[in-house]
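Here the structure comes first, spelled out in structure tokens, and everything after it is commentary.
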Amino acid sequence: FLPRSDPLRKLPHPSYQKWEDLAADLSALITSQKIRPALRELEPISILNLRSEDEKKRALLVLSVLCHSYVWGDPSSPSDRLPKGIAVPLFELAGQMNVPPLLSHLSIVLYNWRRLDESGPISLENIATNCQFLGGQDEAWFYLSTVQIEAQGGNVMG
């Protein structure tokens, strides 16, 4: 069930740099409780510049992680609403991809890995995550162990 090509590490079009910056700073924004204010300031960005399926998959990962971070940005008070800057592009993109507009196994696992040695195998020794909430080996292994299982299962199924 892994994508045919390795997931993108970054969206190439400059209009999506703000999404990428927020994803890169996610751990610091969550732990400092600045994630919700940062995401409330985000204006909706059109998804029209997502040209390929790989770009759409990367955008789904980034937007669903930002969505989840907003909802759970304050664990004592989960949000039941999203700011337009996340909700609009996530809803439109999910509709195009025919997937639910939320964080799922599809985005956080299947679209969230990279090979350290691009010519090497998909194995725990050779993969890393592209995006994490708080960082750390435990979170990475939670996602990456499933990636390895998916890779091995795909080989068995042919």
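Remarks
- Within region 59-79, being more than 18 Å from ALA23 (Cβ to Cβ) and modelled with pLDDT of 95 or more holds for SER77, PRO78, SER79.
- Flag if ASN112 is open to solvent by 60 Å² or more (accessible area, probe 1.4 Å) and either under 27 Å from ASN49 (Cβ atoms) or not acidic (Asp, Glu) (or both): no
- Residue that is most open to solvent (accessible area, probe 1.4 Å), among those in region 145-158 that are touching a Phe, Trp or Tyr at 6+ places or on another chain (Cβ under 8 Å) and modelled with pLDDT of 90 or more: GLU150
- Residue list for region 125-144, restricted to those being of a type in the set (A, V, I, L, M, F, W, C) and open to solvent by less than 40 Å² (accessible area, probe 1.4 Å): ILE127, ALA128, CYS131, PHE133, ALA140, LEU144
- Sole exception among (1) farther than 17 Å from LEU61 by Cβ; (2) under 17 Å from the mean Cα position of the chain (by Cα) for ASN98, by number: (1)
- Applying the criterion of being out of contact with any Phe, Trp or Tyr (no Cβ under 9 Å at 6 or more places or on another chain) and not in a strand (DSSP E or B) to the residues of region 115-124, the residue that is surrounded by the most Cβ atoms within 10 Å (Cβ to Cβ) is SER123.
- Residues that are part of a helix (DSSP H, G or I) and among the charged types (D, E, K, R) were ranked within region 1-25; the one that is surrounded by the fewest Cβ atoms within 10 Å (Cβ to Cβ) is ASP21.
- Near pairs, Cβ below 6 angstrom, 6+ apart or cross-chain, from region 55-82 (closer than 14 Å to ASN112 by Cα) to any residue that is among the aromatic types (Phe, Trp, Tyr) and modelled with pLDDT of 95 or more: LYS57/TYR111; LEU61/TYR111; VAL62/TRP19
- Of all residue pairs spaced 6 or more apart or on separate chains, those with beta-carbon atoms under 9 Å, a first member in region 123-141 that is more than 20 Å from THR31 (Cβ to Cβ) and a second member that is of a type in the set (Asp, Glu) and open to solvent by 30 Å² or more (accessible area, probe 1.4 Å) are ASN126/ASP117.
The values are calculated or read from the model by the stated rules, or taken from the named source; none is laboratory data. Remember, it's a predicted structure, so these values are computed and weren't measured experimentally. Positions of Cβ are backbone-derived with ideal geometry, glycine not excepted, and every protein chain shown enters the neighbour counts. Each accessible area value is taken on the protein alone, full model and side chains, heavy atoms only, with ligands, DNA and RNA left out. Shrake-Rupley method; radii C 1.70, N 1.55, O 1.52, S 1.80 Å.
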